[in-house]
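The values are calculated or read from the model by the stated rules, or taken from the named source; none is laboratory data. As the structure is a computational prediction, the values presented were derived from the model and not from experiment. As a convention, Cβ positions derive from the backbone with ideal geometry for all residues, glycine included, and neighbour counts pool all protein chains shown. Just the protein is used for accessible areas: all its heavy atoms, side chains included, with ligands, DNA and RNA removed. Shrake-Rupley method; radii C 1.70, N 1.55, O 1.52, S 1.80 Å.
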Amino acid sequence: MAEVLVKTRITPRKITENIVSMERLNKKMAENAAKNLILVTGPAGYGKTTLVLDFLNTRKAPYAWFYCAPDIDNFQTFLNYLVHSLKNLNAEFGEKSLELASSLSDLISKDEENSINAVIATFVNEFTSVFEKDEYLVIDDLHNLGS
């Protein structure tokens, strides 16, 4: 049976028009926009998600969203959600990665490192061939992985 995807995990939350924009933090995000990774950390309820959404919406930047729920507890599920979040940007992405991961699912438990490395290599190759412009991938609540 195919894994059921919960769409809210790959759909960004809606923000209201009445938010208080954090200009200083938005400026900091803009200054670092060309970097490969921007990590936004802070305690729960401090507005991290709202800040990121405000930044992306203000820039009208293309982005994929992936909310990491605590029940995403294995590589296959993680990859499935990650690929489907990126498919929201480009529907052609991810078939080879998902196909390989599915074919190696039994082997992953026996030779985890080599199997996962093969899937990651395929993912990276597919990613670089499909995404040629700057897009953002937001992984929200990353701390939930491994819980």
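Of all residues in the stretch 56-73, those satisfying the criterion of being assigned to a loop (DSSP other than H, G, I, E, B), of a type outside the set (G, A, S) and surrounded by fewer than 18 Cβ atoms within 10 Å (Cβ to Cβ) are K60, P62, P70, D71, D73. Scanning the stretch 121-146 for residues that are open to solvent by 80 Å² or more (accessible area, probe 1.4 Å) and either under 15 Å from the mean Cα position of the chain (by Cα) or among the hydroxyl-bearing types (S, T, Y) (or both) yields T128, D134, L142, H143. Here Y81 clears all of (1) out of contact with any helix residue (DSSP H, G or I) (no Cβ under 7 Å at 6 or more places or on another chain); (2) in a helix (DSSP H, G or I); (3) within 15 Å of L142 (Cβ to Cβ) except the condition numbered (1).
Given the conditions (1) at positive phi; (2) open to solvent by 30 Å² or more (accessible area, probe 1.4 Å), and given that N117 satisfies all but one, which numbered condition is not satisfied? All conditions pass for N117, except number (1). Among the residues of the stretch 78-103, those identified as under 10 Å from the mean Cα position of the chain (by Cα) and either open to solvent by 60 Å² or more (accessible area, probe 1.4 Å) or touching a residue at least 60 places away in the same chain (Cβ under 8 Å) (or both) are F78, Y81, H84, S85. Reported count of residues in the stretch 15-55, each being part of a loop (DSSP other than H, G, I, E, B), of a type outside the set (A, V, I, L, M, F, W, C), more than 25 Å from K133 (Cβ to Cβ) and open to solvent by 60 Å² or more (accessible area, probe 1.4 Å), is 7.
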